[in-house]
Amino acid sequence: MKFLFDLLPVILFFVAYKFAGANPEAAHGLASQWLGDGIALTQAPILIATAAAIVATFVQIAAVWI
């Protein structure tokens, strides 16, 4: 179980990238809403996936810290 807990950010990164890549227009709208204008349509999936991994890492560190 600890192994899955350690890999959670990586797994979420790939899942988010897969979903964002399947819906690039929705991913672009979300990335533009959170990060501002000037984001290319092709950059949106990687930005969404990176944000998901960062949030998952923060949650994971908070859970270990508590």
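Some notes on this structure:
- Relative contact order (%) - criterion: Cα under 8 Å, at least six apart; region: the chain: 41
- Scaled against 2.2 N^0.38 Å for its residue count N, the alpha carbon radius of gyration of the chain is 1.23.
- Solvent-accessible area, 1.4 Å probe, carbon plus sulfur percent, for the chain: 76
- Solvent-accessible area per residue, Å², over the chain with all protein chains present [probe radius 1.4 Å]: 76
- Compared with the dominant principal axis of the Cα atoms in the chain, helix 44-65 is inclined by about 20°.
The values are calculated or read from the model by the stated rules, or taken from the named source; none is laboratory data. Computed from a predicted model, the values in this text were never measured in an experiment. With ligands, DNA and RNA removed, areas are computed over all heavy atoms of the protein, side chains included. Shrake-Rupley method; radii C 1.70, N 1.55, O 1.52, S 1.80 Å.
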